[in-house]
Amino acid sequence: MAKHNPYACYTFPNCGCYERLCHWSEKAEEWIANPVPEEIVREGLLCAYFMYLCIEANCHRPGWRRAATLQLMHPVWTDLRKEYP
Ligand SMILES: [Zn+2]
């Protein structure tokens, strides 16, 4: 059974995902420079995953939707896709 999805939201760009997009790109750079514990990274990935799903489904800018689709094809999301199909 699919788990409840805590970050689902489908109103981009009138939702938190736009802010999250800026937030997570900063975080990603920070984490590459200064590694953090695995559960923090996992939580961040989960949050970013749903953000990209929201952008892919709802953004009115085709270029952004394409970029989100490309992001979601990355192998880093494979486990999350199984967990939250
Ligand atoms: Zn959203």
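Side notes on the structure shown:
- Test: residue in the stretch 29-42 that is free of Cβ contacts under 8 Å to residues at least 24 places away in the same chain and buried (at least 17 other Cβ atoms within 10 Å of the Cβ): no
- Tallying residues that are more than 16 Å from the ligand (Cβ to nearest atom), of a type in the set (A, V, I, L, M, F, W, C) and part of a helix (DSSP H, G or I) within the stretch 46-79 yields 3.
- Among the residues of the stretch 9-30, the one identified as assigned to a loop (DSSP other than H, G, I, E, B), closer than 13 Å to W64 by Cβ and more than 6 Å from the ligand (Cβ to nearest atom) is P13.
- Residue satisfying all of: in the stretch 58-85; surrounded by 15 or more Cβ atoms within 10 Å (Cβ to Cβ), hydrophobic (A, V, I, L, M, F, W, C) and modelled with pLDDT of 90 or more; farthest from E30 (Cα to Cα) among these: C59
- Failed criterion for P37 (all others in (1) modelled with pLDDT under 85; (2) away from the ligand (no atom under 16 Å from the Cβ) hold): (1)
The values are calculated or read from the model by the stated rules, or taken from the named source; none is laboratory data. Nothing here was measured: the structure is a model prediction, and the numbers come from that model. Every residue, glycine among them, receives a Cβ derived from its backbone with ideal geometry; neighbour counts consider all protein chains shown.
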